[in-house]
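Take a look at the structure below.
The values are calculated or read from the model by the stated rules, or taken from the named source; none is laboratory data. Just so it is clear, the structure is predicted and the values come from calculations on it, not from any experiment. Glycine also receives a Cβ, built like all others from the backbone with ideal geometry; neighbour counts cover every protein chain displayed.
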Amino acid sequence: MYKSISVLFLFLALTAFKTNAQEREDYRLIVGVAKFKAANVKQERFANMVSERVLDVLNQQNRFQVIDLDGTARKQAISVSQENYKSKNWIEANKTISAEYTLTGFVTSIKFIRLNAGKGYKATITYTTKIINTESGEIIQNGTATFSSSNSEIKLTPESAFQSAIQTTVAPLSAYFSSSFPIKLNLVRIEKEKKGKAQTVLLDGGSKIGSTEGKKFEVYFIDNSLGKPLPKFIGELKITRVLSEDFSEAKVTDGGKEIHKYLTDGKKIICKSLNND
């Protein structure tokens, strides 16, 4: 009897572990960030500072799994203790993880001005970023952008002046990420169905991640039977209402039967926007 109870307990424990592991699976877009380049060797350390800030902005959006492709920017971020830096949001560079998109950058101009009789510095910077579809190698739609600092503050050191200059580019950089990257979110519930076909569904993404009425999505069932997530296309949908910062309602335009089947079976279903790629 005790042996049977032990076996049952072990089975339940393994089942619970598997269920929790599935709940922890993260299907956000995976973005690899390559080390930023500079016009000359003297500017390379400043290019690393730009990489660090760009990575921080990506993480703050909470839409992406971020791969620091060479580790440089992450070490730099830790060393200067950037605000809002959260190590749990990072994925270390790993050959077993494939980035769906790769972000590259080039610092085209850096200038320092000495002010207040040499006791202060002001900096200006211009840098260009590109978002590349890793699989195809092509730059995505609206994937290239140039950012220039404006109205940066006077600081005591060139480094702090440079950080101030970078900070002035954060707002447009954040907007660029929001509008350029595709949106990837989960289909969490069927709101309306008919004869075994999903007609209206609930998505776990709203205005906070850039969902808007009319935005179209491809729908994928995630097959985990091979030990790694394999997405399989099963339909399409279109957002009809943004309900809040966190949720949207969508009309199923194709694949209603498949969506109903897989979601009813408890399978993971994700949606990826069509508008930006």
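Is it the case that Ala123 is hydrophobic (A, V, I, L, M, F, W, C), in contact with a strand residue (DSSP E or B) (Cβ under 6 Å, 6 or more places away or on another chain) and touching a residue at least 60 places away in the same chain (Cβ under 8 Å)?
So Ala123 does not fit the description; no.
Can you pull out every residue in the range 131-183 that is touching a strand residue (DSSP E or B) at 6+ places or on another chain (Cβ under 8 Å) and part of a loop (DSSP other than H, G, I, E, B)?
Selection gives Thr134, Glu138, Ser149, Ser152, Glu153, Ile154, Leu156, Thr157, Thr169, Phe181, Pro182, Ile183.
Of all residues in the range 151-174, which are of a type in the set (Ser, Thr, Tyr) and over 21 Å from Lys119 (Cα atoms)?
Thr168, Thr169, Ser174
Which of the following residues is loosely packed, with under 14 Cβ neighbours inside 10 Å, assigned by TED's automatic domain parsing to the domain that holds Gly206 and on the phi > 0 side of the Ramachandran plot: Gly255, Gly227?
Result of the check over Gly255, Gly227: Gly227.
Residues in the range 113-135: is at least one crowded, with 20+ Cβ neighbours inside 10 Å and charged (D, E, K, R)?
yes
Report the residue count in the range 101-130 for those that are under 30 Å from the mean Cα position of the chain (by Cα) and farther than 14 Å from Ser51 by Cα.
Number satisfying all stated conditions: 5.
Mind checking which residues of the range 39-54 are under 18 Å from the mean Cα position of the chain (by Cα) and not aliphatic (A, V, I, L, M)?
Answer for the range 39-54, where residues must be under 18 Å from the mean Cα position of the chain (by Cα) and not aliphatic (A, V, I, L, M): Ser51, Glu52, Arg53.
When Ile222 is evaluated against the numbered criteria (1) touching a strand residue (DSSP E or B) at 6+ places or on another chain (Cβ under 7 Å); (2) part of a loop (DSSP other than H, G, I, E, B); (3) not basic (Lys, Arg), which criterion, by number, is the only one it fails?
(2)
State whether the residues of the range 242-254 include one that is modelled with pLDDT of 90 or more, basic (Lys, Arg) and not in a helix (DSSP H, G or I).
Within the range 242-254, one or more residues are modelled with pLDDT of 90 or more, basic (Lys, Arg) and not in a helix (DSSP H, G or I).
Name the single residue that is surrounded by the most Cβ atoms within 10 Å (Cβ to Cβ) among those in the range 136-154 being under 17 Å from the mean Cα position of the chain (by Cα) and either more than 22 Å from Thr168 (Cβ to Cβ) or basic (Lys, Arg) (or both).
Of everything passing the filter in the range 136-154, Gly143 is surrounded by the most Cβ atoms within 10 Å (Cβ to Cβ).
Filter the range 179-203 down to the residues that are out of contact with any Asp or Glu (no Cβ under 8 Å at 6 or more places or on another chain) and exposed (fewer than 15 other Cβ atoms within 10 Å of the Cβ), then identify the one that is farthest from Gln61 (Cα to Cα).
This residue is Lys195.
Restricted to the range 211-224, and to residues that are free of Cβ contacts under 8 Å to residues at least 40 places away in the same chain and under 20 Å from the mean Cα position of the chain (by Cα), which residue is surrounded by the fewest Cβ atoms within 10 Å (Cβ to Cβ)?
Among residues in the range 211-224 that are free of Cβ contacts under 8 Å to residues at least 40 places away in the same chain and under 20 Å from the mean Cα position of the chain (by Cα), the one surrounded by the fewest Cβ atoms within 10 Å (Cβ to Cβ) is Thr212.
May I ask you to verify whether Gly266 is farther than 25 Å from Gln141 by Cβ and assigned to a loop (DSSP other than H, G, I, E, B)?
Taking the combined requirement at face value, the residue satisfies it.
Does at least one position in the range 192-208 carry a residue that is in a strand (DSSP E or B), touching a residue at least 40 places away in the same chain (Cβ under 8 Å) and among the polar types (S, T, N, Q)?
Taking every residue of the range 192-208 in turn, at least one turns out to be in a strand (DSSP E or B), touching a residue at least 40 places away in the same chain (Cβ under 8 Å) and among the polar types (S, T, N, Q).
If only one of Ser174, Ser207, Ser180 is closer than 25 Å to Tyr101 by Cα and at pLDDT 90 or above, which one is it?
Going through Ser174, Ser207, Ser180 in turn, just one is closer than 25 Å to Tyr101 by Cα and at pLDDT 90 or above: Ser174.
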